[in-house]
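Computed from the coordinates by the stated procedures, all read-outs in this text should not be read as laboratory data. Just so we're clear, the structure is a prediction, and the values are computed from it rather than from any experiment. So basically every Cβ, Gly included, is an ideal-geometry build from the backbone, and we count neighbours across all protein chains shown.
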Ligand code: ADE
């Protein structure tokens with residue numbers, strides 16, 4: 001395979017990557033069926049795709065699908081700690097795509113890699129967190145006329161895009177992949193739920209049963225985390241700012257209280273709010289010795305690590321992805337994954353079976369954008385037929401069939417005259 005321009009940690013890891021990519025592939029039957037179709041139809045011929053995603057085995061299978069569809073692709077990381085270096089090596093060595101991602105890269109390298117993927121002069125972008133989109137709008141506007149559209153993977157990114165559209169700053173059409181039902185109802189809930197617990201356990205190996213486990217934020221992700229923690233026997237406390245969500249948490253059986261109260265009783269804290277400074281100095285001051293704090297929201301802004309560093313100085317790395325901060329009075333607070341996404345920093349991210357649906361949406365939306373090159377500049381929903389198709393393909397891959405309405409039932413649902 002011809003090597004293109006790239007910047008990765010170690011190309012000799014490609015063989016290791018190959019086995020892991022193959023393992024994920026077996027869990028991604030929907031994406032595999034789309035890949036087969038793409039190989040035949042070549043719907044992405046002539047497209048150049050710049051992608052900024054977590055560089056994982058699941059992403060590698062998406063990249064294969066885009067390449068099978070005829071696209072030229074370049075990829076950088078959407079988080080400095082989520083890159084799997086063996087996968088990056090596989091992408092360069094076996095797929096021959098320009099990959100710019102090194103696990104643990106510093107901030108400057110992270111942004112220089114975003115600029116590197118743009119060298120492809122994209123016609124389509126794929127983002128997880130909108131960093132490529134915002135770099136294009138702020139620094140590389142000359143590339144925008146060549147872009148027909150893009151996709152955004154995550155809640156935080158979609159919020160950023162809607163703010164840009166509201167300000168009149170958005171300059172090309174974007175699809176909010178996150179908002180597809182087959183994405184957020186599964187990836188955000190079951191994916192974040194399981195992989196967050198996985199990250200906490202790989203980093204700490206603690207027993208969750210019997211622990212006071214605080215979840216800040218009760219959106220799709222927070223609900224998933226709370227449910228899985230409760231399933232492991234933890235005693236879950238939810239902190240929310242939205243009364244409706246707080247009420248749902250209460251009726252789901254969790255204790256609900258403000259973070260200032262939860263800080264005193266919690267033993268494990270997970271932030272999943274999408275907002276900044278959720279856990280800060282005033283909360284660290286109240287925490288018990290041994291409290292474990294981590295984040296599963298997109299950006300590393302939810303835990304104020306600068307406050308903790310002010311209070312405790314530099315941390316000691318006590319285990320993989322686990323930093324111990326010792327306060328003046330001797331209390332220790334453990335921060336996982338440097339406050340970045342704990343599921344990707346300390347574990348491998350969402351399981352492939354759930355990314356199958358998220359990335360099936362990405363692949364089918366890439367084709368939709370290629371087939372509709374003149375979309376209006378706006379944040380578009382995923383076309384409902386794509387969402388339905390992904391759900392059906394996933395069910396079929398699970399060997400499950402569903403019922404169909406009889407003609408009489410369909411008529412009943414569309415009639416306002418028929419009652420009891
Ligand atoms: N986001 C969360 N988990 C992921 C994974 N395994 N691959 C790519 N993006 C992800």
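Each stretch of four or more DSSP H residues adds -39500 (n - 2.57); spread over every residue of the chain, this sum gives -12500 deg cm²/dmol at 222 nm.
Structure remark: mean-square fluctuation, Gaussian network model of the chain, C-alpha springs under 10 Å; the largest value among 47, 309, 220 belongs to 309. Normalised by the number of residues in segment 34-189, the average gap of Cα pairs under 8 Å and 6 or more apart makes the relative contact order 20 percent.
Which shape class applies to segment 20-126: rounded if a/c is under 1.5, otherwise prolate when a/b exceeds b/c and oblate if not, where a ≥ b ≥ c are the square roots of the Cα gyration tensor eigenvalues? Don't skip to the answer; put the middle values down first.
Details: a/c = 2.41, a/b = 1.32, b/c = 1.83.
Oblate is the answer for segment 20-126, as a/c is 1.5 or above yet b/c matches or exceeds a/b.
Full extension of the segment from residue 241 to residue 413, taken as 0.36 nm per residue of separation minus the current Cα-Cα distance, would add 58.1 nm. Averaged over residues, the count of other Cβ atoms within 10 Å places the peptides 180-187, 80-87 in the sequence 80-87, 180-187, highest first. For the chain, the relative contact order comes to 17 percent (Cα pairs under 8 Å, sequence separation of at least 6).
In segment 1-81, Cα pairs under 8 Å separated by at least six residues give a relative contact order of 32 percent.
Peptides 243-254, 30-41 ranked from most to least packed, by the mean per-residue count of other Cβ atoms within 10 Å: 30-41, 243-254. The equivalent ellipsoid of segment 304-377 has semi-axes of 43, 16, 7 Å, largest first, where each one is the square root of 5 times an eigenvalue of the Cα gyration tensor.
When DSSP assigns beta bridges and you keep just the ones with both residues in the chain, what percent turn out antiparallel, to the nearest 5?
Working: 8 of 53 bridges.
Percent antiparallel among DSSP bridges in the chain is about 15.
Pull out a ≥ b ≥ c, the square roots of the eigenvalues of the alpha-carbon gyration tensor of segment 13-71, then state rounded if a/c is under 1.5, prolate if not and a/b is larger than b/c, and oblate in the remaining case. Could you put the intermediate results ahead of the total?
Numbers: a/c = 2.21, a/b = 1.42, b/c = 1.55.
Oblate, because a/c is 1.5 or more while a/b does not exceed b/c.
Summary of packing: across the peptides 377-388, 189-200, the per-residue average of other C-beta atoms within 10 Å ranks them, highest first, as 189-200, 377-388.
Tell me whether the chain comes out rounded, prolate or oblate; compute the Cα gyration tensor, take square roots of the eigenvalues as a ≥ b ≥ c, and use a/c under 1.5 as the rounded threshold. In terms of gyration-tensor shape, oblate. Cβ-to-Cβ counts within 10 Å put 292, 402 in ascending order as 402, 292, the fewest first.
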